[in-house]
Amino acid sequence: MLAKTFGAAVYGVDAKIITIEVNVGQGTKFFMSGLPDSAVKESEHRVESAVKFHRFRMPRQKVVVNLAPADIKKEGSAYDLPIALSILQASDQIVAEKLSQYVIMGELSLDGELRPIKGVLPIAIEARKNKFKGFILPKENAREAAIVNDLDIIGVENIKEAVDFFEGDLQIEPLVIDTRDVFMAELNNYDFDFKDVQGQENIKRALEIAAAGGHNAIMIGPPGAGKTMLAKRLSSILPPLSLVEALETTKIHSVAGKLGAKASLISTRPYRAPHHTISDVALVGGGGNPQPGEISLAHNGVLFLDELPEFKRTVLEVMRQPMEERRVTISRARISLDYPANFMLIASMNPCPCGYYNHPEKECVCAPGVVQRYLSKVSGPLLDRIDLHVEVTPVSFDEMTANRKTESSEEIRDRVIQARDKQIERFKETPAIYCNAMMPSQMVKEVCDINEAGRTLLKTAMEKLGLSARAYDRILKVSRTIADLAGTDEIRIEHLAEAIQYRSLDRDGWAG
């Protein structure tokens, strides 16, 4: 007898419906076709143990399991539950007419309990798109899937519950979550706030500019000056996620298996801070079974690279293309996957190996030429994609112990949102561009027009400070953002002057 159930396979951040066909006939062997990997093939033993534990039997006949379409590789252990239910149906142990109305996924333990799986959100979205009535899945994943409306989300704890549900012996109410309520309840609920930071007003200002224009930034300063502490708080001043961005972000974290058991929709902008020993595959994504990397997990949020020169050169170089295209393409012989990677890069570094070059009080002990060699570990093409170079100096004791009120993240975020609104209006005719940092060179000339006094200042700065040619566009973009924060349409000379000071690493002899 033949039985069919439906599951799904996740490729990139999207899912594809898979038909699980089981035929029980004459013979004695178990066969599986449809390009299953080792984890799928091993489901035979998990399924057998699980059905026996719940007083069912494994057919002692020829069992053929086909996963269609048969030319796409199937990976992971999430096909256990649909395979088990198909076998029970095909061997006349259960009568479940509603099987074809549901997408079914779940990993079975040997006692029939269901373990959580990855990629639930994209599967739920695909199930609704294909007009399925509902989605049967492990109870721990139910909240994540319930983000999707117009789909019955049935969370079950074991195979017996699933069987009883299909045979009508158990009524399970679909889990319903008001996505908008969940989203609004957690919106801007960050653990860190700028009001906790005493001093460093110039650095806060630089990060406000970075957030307002979507600019990448690098902080250069001695150890303990507060670079990491400030970077952790950057997400809290970015504009709130839209519902579309939240769904997109949640999908990536779902595919990577980074959502907790009780998690549903990600409502705050991600902050990722990988260690400097990370490999290039872990950073951009890939592997034998392709997974999103750190830059995709930071999508719509902040990627913080602490101690930038300590990262391997190859790791930093593979970031260049994703930073330009805002997505990562992972190509394999059979499939090519796209992961979104629209993130803000915030990096930090010591000015030299000992950390005290240019320190106001402590003496640098590095040998001549060492500082230049240390800075050259960060390639020019990568620095070219970083708009703001911010020098961080240590906070004095008086500033640290001062009992004065500092601005909260919410106050700064309000100004950032106003500046972003101006940019959204400015770039409404160009849908691929929505902030100043994304402007191509030809657009910079139109949008960042400066007067004669501004041109004179910029020319003098480039000659006197020895700024490189690549600094020119960056200064104009940053000055446009500063003007947006000030609420003016024209770029004034004070906006240009502030932007010029954020190009430390472009100055001739900065590390000389």
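The values are calculated or read from the model by the stated rules, or taken from the named source; none is laboratory data. Source: prediction; values computed, not measured. All Cβ positions, glycine included, derive from the backbone under ideal geometry; neighbour counts span all protein chains shown. For the accessible areas, the whole protein counts, side chains as well, though only heavy atoms, and no ligand, DNA or RNA atoms are used. Shrake-Rupley method; radii C 1.70, N 1.55, O 1.52, S 1.80 Å.
Results, tabulated for the structure shown:
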| quantity | calculated |
| --- | --- |
| Sole exception among (1) touching a Leu at 6+ places or on another chain (Cβ under 9 Å); (2) farther than 20 Å from Glu391 by Cα; (3) polar (S, T, N, Q); (4) open to solvent by 20 Å² or more (accessible area, probe 1.4 Å) for Asn216, by number | (2) |
| Some residue of region 309-331 being in contact with a Phe, Trp or Tyr (Cβ under 7 Å, 6 or more places away or on another chain) and over 30 Å from Asp37 (Cα atoms) | yes |
| Hits in region 294-310 (condition: over 16 Å from the mean Cα position of the chain (by Cα) and either open to solvent by 10 Å² or more (accessible area, probe 1.4 Å) or within 25 Å of Ser254 (Cα to Cα) (or both)) | Asp306, Glu307, Glu310 |
| Candidate set from region 138-168 (those that are within 17 Å of His54 (Cβ to Cβ) and under 28 Å from the mean Cα position of the chain (by Cα)); member that is least open to solvent (accessible area, probe 1.4 Å) | Pro138 |
| Filter pass, Arg60 being in contact (Cβ under 8 Å) with a residue 12 or more places away in the chain and surrounded by fewer than 17 Cβ atoms within 10 Å (Cβ to Cβ) | yes |
| All positions within region 331-352 that are over 21 Å from Ala273 (Cα atoms) and open to solvent by 10 Å² or more (accessible area, probe 1.4 Å) | Ser331, Arg332, Ala333, Arg334, Ile335, Ser336, Leu337, Asp338 |
| Residue in region 252-275 that is charged (D, E, K, R), surrounded by fewer than 22 Cβ atoms within 10 Å (Cβ to Cβ), in contact with a Leu (Cβ under 7 Å, 6 or more places away or on another chain) and under 30 Å from Tyr374 (Cβ atoms) present | yes |
| When residues of region 286-304 are limited to those that are touching a helix residue (DSSP H, G or I) at 6+ places or on another chain (Cβ under 8 Å) and of a type in the set (A, V, I, L, M), the one nearest to Lys74 (Cα to Cα) | Leu297 |
| In region 386-414, the residues that are of a type in the set (D, E, K, R), in a loop (DSSP other than H, G, I, E, B) and surrounded by fewer than 16 Cβ atoms within 10 Å (Cβ to Cβ) | Arg404, Lys405 |
| Residue list for region 415-453, restricted to those being assigned to a loop (DSSP other than H, G, I, E, B) and open to solvent by 70 Å² or more (accessible area, probe 1.4 Å) | Lys428, Glu429, Pro431, Ala432, Tyr434, Asp449, Asn451 |
| Considering residues of region 480-494 that are farther than 16 Å from Ala437 by Cα and not β-branched (Val, Ile, Thr) only, the residue most open to solvent (accessible area, probe 1.4 Å) | Asp489 |
| Check on Leu505, within 35 Å of the chain's Cα centre (by Cα) and in contact (Cβ under 8 Å) with a residue 24 or more places away in the chain | yes |
| Residue check for Gln93: assigned to a loop (DSSP other than H, G, I, E, B), more than 19 Å from Asn149 (Cβ to Cβ), open to solvent by 10 Å² or more (accessible area, probe 1.4 Å) and of a type in the set (S, T, N, Q) | yes |
| Within region 1-48, tally of residues that are more than 35 Å from the chain's Cα centre (by Cα) and among the aromatic types (Phe, Trp, Tyr) | 2 |
| Residue list for region 231-283, restricted to those being in a helix (DSSP H, G or I), more than 21 Å from Glu144 (Cα to Cα) and free of Cβ contacts under 8 Å to residues at least 40 places away in the same chain | Asp280, Val281, Ala282, Leu283 |
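To keep it simple, each residue is scored yes or no on (1) hydrophobic (A, V, I, L, M, F, W, C); (2) touching an Asp or Glu at 6+ places or on another chain (Cβ under 7 Å).
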position	(1), (2)
Lys129	no, no
Leu151	yes, no
Gly155	no, no
Ile172	yes, no
Arg180	no, no
Lys195	no, yes
